[in-house]
Amino acid sequence: MRTPLIAGNWKMNTTVSEAKELVHKILKVLDKIENVEKVICPPFVSLAAVAEILKYSSIKLGAQNMYFKDKGAYTGEVSPLMLADLCEYVIIGHSERRQYFNETDGLINKKVKAALEAGLKPILCIGEKLEENEAGKTEKVVSRQLYLALADMDRLSGTVIAYEPVWAIGSGRSATGEQANETIGFIRQKIANLYDRVTAQNLRILYGGSVTADNISEFVKQIEIDGALVGGASLQAEQFISIVRQTADIRSHLASG
Ligand code: PGA
C-alpha cells in the first residue's frame, strides 16, 4: 500500500508571522496523526522559520517552486541547493506557474531533474484546462505534460505527481472522485508504459483542485488516489486538520478491510 500524502500549498499567502501562527495552530494535532504523510508548503520567506518550528515533528516541509541552477547570477531565484537544506519536497510546474509565469514543459523537466539531483522530492503538477476538458482532450493533455516533464529521466525516485485540473483550482468546482480516479488511473498506466509496473504501482499520485474537508473523503476512498494537494483549505487550520484526519481514517479502514 502506498502511504497517502496530504500537502498544503499556501501559495502567496501569509507573512512570516502569520505563517508561524498557522503552523503553531496545526502542529500539535497533525503531529499525532499517523499513516498519512503531512507536508506544508509556505512561501519561500517563511521556510526557515517554519522549518525551525517543525524540527522535531512528523510534519514535512515543501517549497512552492525553484529554479533549476544550483547558484549564480539569477537575481531573485531560489536554487535546489538552498531548498535541500530546509525542505524535503518542492512543488514543480503548478498551473499558476505555467499560466502566469510562462513555465514551459521543457523548463519543468529541467526543474524536476534538478530537484531530484539535489535530493528533493518533486511534486509535479499536471492537468488540463477547461476548454481541453470540454473538448475531451484530458488524457491527451496530461500524457503530453507527463512525457515532456519526465523526458530523459530514467528514475522517478521520490517524485510525486499531482493531477490538478486547471478548471478545478480555486474555483470551488472540484472534479468528482470518479473523474479524478479515472484520470489518475490513466496517468498510472502511462507511467507503467514509460517505466515499468512496479514504478507505477509505487508512485503516489494526488488529486488537487478545490479540495475541502467536505469533499476529501470522495477522493481518498478511490483506489488510485493517494492523497491531495490542497490550496485554499490548507490556510484554515481546522479544515486542513480535518482533511488529514479523514484521509488517515479512510485509508486505515480500507487497509484493514
Ligand atoms: P485549491 O488549490 O485547493 O485552492 O483549489 C489547489 C492547488 O492549486 O494546488
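The values are calculated or read from the model by the stated rules, or taken from the named source; none is laboratory data. As the structure is a prediction and not an experimental result, all values here were calculated from the model. Glycine gets a Cβ as well: all are built from the backbone with ideal geometry, and neighbour counts include every protein chain shown. For accessibility, only protein heavy atoms count, side chains too; no ligands or nucleic acids. Shrake-Rupley method; radii C 1.70, N 1.55, O 1.52, S 1.80 Å.
Structural remarks
- Cα-centred dipole magnitude for segment 109-252, charges only on beta-carbon of K, R (+1) and D, E (-1), debye, nearest 20: 440 debye
- Extreme residue, positive dipole direction of the chain, given options Ser234, Asn193, Ile223 (C-beta unit charges): Asn193
- Cα-Cα separations in the chain greater than 36 Å, expressed as whole percent: 6 percent
- Estimated dipole of the chain in Debye, rounded to 20 [Cβ of Lys and Arg +1, of Asp and Glu -1, Cα centre]: 360 debye
- Accessible surface computed residue by residue for segment 24-72, with neighbouring protein chains in place and a 1.4 Å probe, gives 51 Å² per residue.
- Residues whose amide H falls under 5 Å from that of Gly8, counting only those 5 or more places apart or on a different chain, are Val39, Ile40, Cys41, Val230, with hydrogens built in the peptide plane.
- In segment 106-257, lysine pairs with alpha-carbon atoms under 26 angstrom apart (chain gap of 8 or more, or interchain): 27
- Rounded to 5, percent antiparallel among DSSP beta bridges of segment 1-157: 0 percent
- Net dipole in debye of segment 183-239 [+1 Lys, Arg Cβ; -1 Asp, Glu Cβ; about Cα centre; nearest 20]: 280 debye
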